[in-house]
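The values are calculated or read from the model by the stated rules, or taken from the named source; none is laboratory data. None of the values given here were measured: they were computed from a predicted structure. Glycine gets a Cβ as well: all are built from the backbone with ideal geometry, and neighbour counts include every protein chain shown.
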2 protein chains.
Amino acid sequence: MMTDLLLKNVRPLGGQATDLLIRDGLIAGIGSELTAPDATPAEDGHGAILWPGLIDAHTHLDKTTWGMPWHENDREAVLRSRIDFERENRLTLDIDPHRQSLRHAIGLVAHGATHIRSHVDIDTTHGLRMMEGVQQTREKLAGIVDIQMVAFPQSGVMVMPGTVELLDEALSNGCEVLGGIDPCGIDRDPKGQLDALFVLADRHGCDVDIHLHEAGELGAFTMELIFERVRVHGMQGRFAISHAFALGMNDHARVGRLIDEIAALDIAILTTGAPSAAVPSVKQLLAAGVRVGAGCDGIRDTWGPWGQPDMIDRATVIGMKNGFRSDRDLRLALEIVSQGGADVMRLDGYGAAIGCKADFTLLDGETVAHAVVNRAPRPLVVKGGKVVARGGACVVDMP
Amino acid sequence: MMTDLLLKNVRPLGGQATDLLIRDGLIAGIGSELTAPDATPAEDGHGAILWPGLIDAHTHLDKTTWGMPWHENDREAVLRSRIDFERENRLTLDIDPHRQSLRHAIGLVAHGATHIRSHVDIDTTHGLRMMEGVQQTREKLAGIVDIQMVAFPQSGVMVMPGTVELLDEALSNGCEVLGGIDPCGIDRDPKGQLDALFVLADRHGCDVDIHLHEAGELGAFTMELIFERVRVHGMQGRFAISHAFALGMNDHARVGRLIDEIAALDIAILTTGAPSAAVPSVKQLLAAGVRVGAGCDGIRDTWGPWGQPDMIDRATVIGMKNGFRSDRDLRLALEIVSQGGADVMRLDGYGAAIGCKADFTLLDGETVAHAVVNRAPRPLVVKGGKVVARGGACVVDMP
């Protein structure tokens, strides 16, 4: 495997053009006078911006219909009915978890992603089948992109007896992180679900990343139940709340107090910039010292038609939603879909400095801000020193 | 000028594949057994969807930096300061109103637009210079795209003495529609601005299209002042409110009453789906019988970096903001950026039926919904029976 590389003429983080030397998959040197053994493969970056690998820290690789015939959706937009429709129809619709997660992940790599956190549905209808499909994809893409799996009880925990046992099994057999979903809205039993999740997290010593669509005071109530348990179980730094729509509610003081507590307990927030929902303010969270990552969420699935397997596209959605306009703000949007994800996933050796892992993408743009908005293919994506995508195409073919 | 055309194998409005015959710039026949004189030029639609020409009914052709070196923006996001920065710097920044409006309009045509309503800045610093630049573009693109101009007092009316006279002059020399802006927020004199606008509208017999960013109760108050004057001046059916953020306020009953009045006075609403603002619900407006069009607004200008010269892209922004997910909803998003604009601009002969003007675009997609989300180049754009863009490129070169 080619893990040495001399990359000429790139602009790390949008700075001055220079060269980059990679040895054994790590960034070994940055400068214009680098010396490398004659056999070292070389690439010309043509002055592109070099940025640490993009991170989709909240997605659902097992759900997309990407690359399949168009899925017609004439259903009503109710959360519970979306969940049930998908669970009941995903097999007959031929949404094969391996093939589809492979398509989704390849798309992300082609657009510069080097790390993915994917929720995988765990339910009593399909057991661990979705996890196994994504696991196959993870193995096939080893060395191309790192995929972390969250055991995600999409259909609920308490309303679907047997789910706790499946989550337990999933955490023993492939999933690194435990998921959860709307303890009030979906499970109608917040104490029941949260207690069950914390017992599982204790048993497996794993991080938790819970979907919380609950808005306003309901979501705030659930957050307070989470705070109590994070404190009691010593889960500081190991809990993440995805979506956290309650933090978008129209009560500045109330939201401020919730964020103070989130910061104090080092709970991470994952946002998708959901355009039709009230969402947390990225800047408000960062100002409080909260780790903030981002994800594409589902793309073109039975839930909805939107989305691209592209974290720059998601930076646009998040940036527009947050009212970002200045170059500084656009850079922040890009940081959220890169360093932000690394912060949430607590990745070691992430970055564009000497000693960091050689996981990065080149970006085409006059400046970092321009690269965020110009919708250009990624010239080159490198994972562990190896070229994994070039000119917008991944080295692994789409199935 | 080629205004006869036999277009084979297209799917009008996403229906069954058929052929289309154009005579003298009008749709003369739809069917599989059409006969045309031997000399009639022919095109193969390859089964693409045929859709009436897209309409950008709210844009600012004179503002974009599209095709120029990246404009770095490190300013604060305050409406008044954005206005002043642009007015004071547009010439030194070389934002030439003709060249830039040409680039913007060519981009829209390349993406399937056949009609544009552009606000053009009228102010005491630049007089009618922006209008004249867009006018040159309109003449250069005659037969390619129809451009309607709104005399737009971007910097305010009452706070910029001399502006009323310039608006008067603009309406006599090229602008078809009278604009306005935030009578409270920008002008600090709602009675003053609105009375002045209605006098001008009476004098020129023109439609009015006012920017109203004012949110919540302030915007509702301004709307009520507008209602009174529309009634007194008999402007029913000839007044449009752009943005109308007040209709996004969190008071269902209050918004409902405003919308009832808007419907009763046949006031049109133009939306951009502004991601970071509270915006009107498209469905709520349509259900009340209100005409609703849409626009890209400014793209990549000194105000902000976002946007594409592409009304399908804008349909996506509006659709996501409105929580659209089903195929039916996606079709509605496409209708807003086509028929909706025609309704607002009161265009004659618009549509895909026999007798309509042959102004349309082909769309690449399995279904209409797929065509909205798949980000494919427009295979062919036809204006008055003439091919004006092909494979995503306009027949007029970008300057």
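Among all positions in the stretch B:103-118, there is at least one residue which is touching an Asp or Glu at 6+ places or on another chain (Cβ under 6 Å) and among the polar types (S, T, N, Q). Counting only strands (runs of 3 or more DSSP E) wholly contained in the stretch A:286-399, the ones carrying 1 or more residues that are touching a residue at least 12 places away in the same chain (Cβ under 8 Å) and of a type in the set (S, T, N, Q) occupy A:360-363. When restricted to residues that are over 19 Å from B:G25 (Cβ atoms), more than 14 Å from chain A (Cβ to nearest Cβ) and within 20 Å of the chain's Cα centre (by Cα), the stretch B:339-380 contains 7.
Within the stretch A:273-296, can one find any residue that is more than 23 Å from A:E214 (Cα to Cα) and of a type in the set (V, I, T)? Looking through the stretch A:273-296, none of the residues is more than 23 Å from A:E214 (Cα to Cα) and of a type in the set (V, I, T).
Of the residues in the stretch B:247-263, at least one is within 11 Å of chain A (Cβ to nearest Cβ), under 21 Å from B:E214 (Cα atoms) and either touching a Gly at 6+ places or on another chain (Cβ under 7 Å) or of a type in the set (K, R) (or both).
Yes or no, residue by residue, for (1) of a type in the set (A, V, I, L, M, F, W, C); (2) surrounded by fewer than 24 Cβ atoms within 10 Å (Cβ to Cβ); (3) under 26 Å from B:H104 (Cα atoms); (4) in contact with a Cys (Cβ under 7 Å, 6 or more places away or on another chain):
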{"site": "B:A36", "(1), (2), (3), (4)": "yes, yes, no, no"}
{"site": "B:A42", "(1), (2), (3), (4)": "yes, yes, no, no"}
{"site": "B:D62", "(1), (2), (3), (4)": "no, no, yes, no"}
{"site": "B:M68", "(1), (2), (3), (4)": "yes, yes, yes, no"}
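All conditions but one from (1) away from every other protein chain (no Cβ under 14 Å); (2) surrounded by 15 or more Cβ atoms within 10 Å (Cβ to Cβ); (3) touching a residue at least 24 places away in the same chain (Cβ under 8 Å) apply to B:D19; the one that does not is (3).
Of everything listed in (1) touching a helix residue (DSSP H, G or I) at 6+ places or on another chain (Cβ under 8 Å); (2) under 23 Å from A:A201 (Cα atoms); (3) buried (at least 24 other Cβ atoms within 10 Å of the Cβ), the single unmet condition for A:T124 is (3). Filtering the stretch A:200-232 to residues that are surrounded by fewer than 15 Cβ atoms within 10 Å (Cβ to Cβ) and either under 28 Å from A:D146 (Cβ atoms) or not assigned by TED's automatic domain parsing to the domain that holds A:R257 (or both) leaves A:D202, A:R203, A:G205.
Suppose we filter B:G237, B:G256, B:G192, B:G273 for residues that are at pLDDT 95 or above, over 22 Å from A:N322 (Cβ atoms) and part of a loop (DSSP other than H, G, I, E, B); which single one remains?
B:G237
When A:R378 is tested against (1) in the same structural domain as A:A264 (by TED's automatic domain parsing); (2) under 21 Å from A:W66 (Cα atoms); (3) buried (at least 23 other Cβ atoms within 10 Å of the Cβ), exactly one condition is not met: (1).
So for the stretch B:297-307 (the condition being under 11 Å from the mean Cα position of the chain (by Cα), within 30 Å of B:W70 (Cβ to Cβ) and either surrounded by fewer than 23 Cβ atoms within 10 Å (Cβ to Cβ) or more than 8 Å from every other protein chain (Cβ to nearest Cβ) (or both)), does at least one residue qualify? Yes, there is a match, as at least one residue in the stretch B:297-307 is under 11 Å from the mean Cα position of the chain (by Cα), within 30 Å of B:W70 (Cβ to Cβ) and either surrounded by fewer than 23 Cβ atoms within 10 Å (Cβ to Cβ) or more than 8 Å from every other protein chain (Cβ to nearest Cβ) (or both).
Checking each residue in the stretch A:52-99 for being of a type in the set (S, T, Y), more than 14 Å from every other protein chain (Cβ to nearest Cβ) and touching a residue at least 60 places away in the same chain (Cβ under 8 Å) picks out only A:T59.
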